[in-house]
Amino acid sequence: MEIKNAKLFAKGKRSYIYVKKIENKIIAYKVAIDIKRTMNVIKNETRFLKMLNKYKIGPKLIDHNKSYVAYEFVSGMPILEWAKKANKLGIIKVLKNLMKQCFVMDKLGINKKELHHPIKHIIIKDELPVMIDFERCYYTKNPKNLSQFSQFLIYGKFSGVLKEKNIRLDEKKFMGNIKKYKKNLNLGSFLEVINSLG
């Protein structure tokens, strides 16, 4: 895997994202090559992508070394931009999918961070949501993925989109279920939360 002939896609605080097509005898596919400024960040993102890919979370890991981590490029729309154009059933489907991903990470004891405001960290393609940017993940006894994502749904710009699409959340009931979930992180408490959404 080489950066040569790749095009600069984006610049971040800790990385540059390059995109290139890599052709083989079977298919052509795009790969985002994330060049990190520190080896520790590279190791961290690679570690968690390897783990979470087993549960179909995150972009597919392609390659890595000391200089970069390469993963399948997700050519979709950021979640807020997508939701403004999507219909009610599509939005509910995507949100439930994301909540399930949060539940899996919570059960694994992995905290992603940024999920209280994941506008740049969730890409939607064909009504399939993909979380990106796992460089700040860490293991913890008190993961907060679902509770943080719930804040995103209740407060701020996204809550306005839900109202426009006639997706009503009973805030008191919803957050009450989240509190129960945080105390008893199990399938039953999770289903109470997810069933609060449409």
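The values are calculated or read from the model by the stated rules, or taken from the named source; none is laboratory data. As the structure is a computational prediction, the values presented were derived from the model and not from experiment. Cβ placement follows ideal geometry from the backbone for every residue including glycine, while neighbour counts extend to all protein chains displayed. The accessibility values were calculated without ligands, DNA or RNA, using every heavy atom of the protein model including side chains. Shrake-Rupley method; radii C 1.70, N 1.55, O 1.52, S 1.80 Å.
Give the residue that is surrounded by the most Cβ atoms within 10 Å (Cβ to Cβ), with candidates limited to residues of the stretch 68-85 that are in contact (Cβ under 8 Å) with a residue 60 or more places away in the chain and out of contact with any strand residue (DSSP E or B) (no Cβ under 6 Å at 6 or more places or on another chain). The qualifying residue surrounded by the most Cβ atoms within 10 Å (Cβ to Cβ) is ALA83. Cβ-Cβ contacts under 7 Å between residues 6 or more apart (or on different chains), taken from a first residue in the stretch 173-198 that is free of Cβ contacts under 8 Å to residues at least 40 places away in the same chain to a second residue that is open to solvent by 100 Å² or more (accessible area, probe 1.4 Å), are listed as SER189/LYS180; GLU192/LYS180; SER196/LYS173.
The residue list LYS100, LYS93, LYS112, LYS120 contains one member that is open to solvent by 70 Å² or more (accessible area, probe 1.4 Å) and within 20 Å of GLY156 (Cβ to Cβ), which is LYS120. For the residues LEU128, LEU162, LEU153, the requirement of being out of contact with any Leu (no Cβ under 8 Å at 6 or more places or on another chain), of a type in the set (A, V, I, L, M) and within 17 Å of LYS88 (Cα to Cα) singles out LEU128.
State whether one or more residues within the stretch 132-155 are within 16 Å of ILE194 (Cβ to Cβ), of a type in the set (Phe, Trp, Tyr) and either buried (at least 19 other Cβ atoms within 10 Å of the Cβ) or without any contact (Cβ under 8 Å) to a residue 60 or more places away in the chain (or both). Checked the stretch 132-155: at least one residue is within 16 Å of ILE194 (Cβ to Cβ), of a type in the set (Phe, Trp, Tyr) and either buried (at least 19 other Cβ atoms within 10 Å of the Cβ) or without any contact (Cβ under 8 Å) to a residue 60 or more places away in the chain (or both). Evaluated against (1) at negative phi; (2) part of a loop (DSSP other than H, G, I, E, B), GLY58 falls short on exactly one condition, (1). Among all positions in the stretch 44-66, there is no residue which is touching a Lys or Arg at 6+ places or on another chain (Cβ under 7 Å), at pLDDT 90 or above and within 24 Å of PHE174 (Cβ to Cβ).
Contact map, the stretch 1-21: first residue modelled with pLDDT under 65, second residue among the hydrophobic types (A, V, I, L, M, F, W, C), Cβ cut-off under 8 Å, separation 6 or more or different chains; pairs are MET1/ILE22; MET1/VAL31; MET1/ILE33; MET1/ILE62; MET1/ALA70; ILE3/ILE33; ILE3/ILE35.
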